[in-house]
Amino acid sequence: MAPAKRGAVAEKAEKNKGTEAEQPKHSGHRKRLRERYAGAGPDAFADYELLELILFSSFPRQDTKPLAKTLIKQFGNFAGVVSAGIPALMTAGLSLNAAVTLTSVRDAALRLARQEVLNRPVIASWQKLLDYVNAAMMHEKTEHFRLLFLDKKNALIADEVQQQGTVDSAPVYPREVVKRALELSATALILVHNHPSGDPTPSRADIEMTRAIADAARAVNIVVHDHLIVARASTASFKSLGLL
C-alpha cells in the first residue's frame, strides 16, 4: 500500500508542477500590481500602470504593459485613451471587448462626477461643476453645446447636450434653449460649450450667441449665470471676463 501511496503523491506533484509551468510569466507581475493598488491606491500608479491593470480582464493571458504604453504614446495620456472612443480604440488594434472596457471607465467616471453636482447648489460646488464639464467635454473632437438647468435655489436639476456640430461650430437657437428651460421649470441657466482647437477664447459668434440667449431668457424671467468655454488646457468664463 505504501508504494502505491507514494506513487499517487508523486503523480499529484508532477501535475501541480506542470500547472505551475503553464502559468504566464507575467502572472507574478499582475499579482504584485493588484497588491500595490490595494495597498497604495491609484495615486501611486503611472498612467500606463493603471491602464494595464484595467486591461487585465480583456487580455487574461497577455502581458498588457507593452500595450498600455503603446496606447498612452498614441493618445497622449490616460484620459486621452479612455476618451478616445470605441472606433478609435479598435482602429488602434483593440478588440471590441477591450475598447468597451476602456470607454466604460470614462463613462463611469462621468456618471459619478455628474451625481456629485446634480441637485446641489452650483455656487457651493462650483469647482466640482468645473471638474465635471471639463471631464465631459475637453476631449470631444467636435463642438458640443451643453445646457445646465438650475432651479430657484440654483441647484442643478438637468444637464443636457442640446447641439453637436463640426470642429469649429455648433448651431444654437435661443428659442429652443428658452423652450427647454420652461419645460423643466428652470429659473436659471449655465451655458457650456467646447473649443476642440484648444483655445478657450470666446469668438465674436460666441459672444453674440450668448447675448441673444440671455436676452431671450430674460424676457421670461430666466437668468443666464455664465457661459463656460472648455478647452483642453483651460476653461474660460464669460462672467469672469466681463462678457455677461
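A few comments on the model shown:
- Linear extension gain, Asn221 paired with Ala158, 0.36 nm per residue minus alpha-carbon span: 20.9 nm
- Listed residue (His225, Leu71, Phe145) projecting farthest to the positive dipole end of the chain, Cβ model: Leu71
- Modelled FRET efficiency - R0 25 Å, Ala233 with Leu110, Cβ distances, 0.05 increments: 0.80
- Within the chain: Cβ-based charge dipole about Cα centre, in debye rounded to nearest 20 (Lys, Arg +1; Asp, Glu -1): 940
- FRET efficiency estimate (nearest 0.05) - Cβ-Cβ, Gln74 to Ala124, R0 45 angstrom: 0.70
- Region 33-166: Cα Rg divided by the 2.2 N^0.38 Å rule of thumb: 1.22
- Inverse of mean 1/r across different Cα pairs in the chain, Kirkwood, Å: 21.2
- Between the residues Gly198, Ala158, Phe56, the greatest Cα displacement towards the positive end of the dipole of the chain, with unit charges on the Cβ of Lys, Arg, Asp and Glu, is found for Phe56.
- Calculated [222 nm] ellipticity per residue, helices only, for the chain: -16000 deg cm²/dmol; basis is -39500 (n - 2.57) per DSSP H run with n ≥ 4, divided by all residues, nearest 500.
- Helix runs (DSSP H) in the chain reaching 18 Å along axis by Cα, Kyte-Doolittle at least -1.0: 96-117, 204-218
- Positive minus negative residues near Lys73 (Lys, Arg vs Asp, Glu; Cβ under 15 Å): -1
- Positive-end extreme of charge dipole, region 121-244 - chosen from Pro171, Leu189, Thr235 (charges on Cβ): Leu189
- GNM result for the chain, Cα springs below 10 Å: residue of Ala113, Ala231, Ala205 fluctuating most strongly: Ala205
- Förster-model FRET efficiency, 41 Å R0, Ala38 and Met90, C-beta, rounded to 0.05: 0.85
The numbers here are math on the coordinates, done by the rules we state, and not lab data. Here the structure is a predicted model, which means the values were calculated and not measured. Using ideal geometry, Cβ is built from the backbone for each residue, glycine included, and neighbour counts are taken over all protein chains shown.
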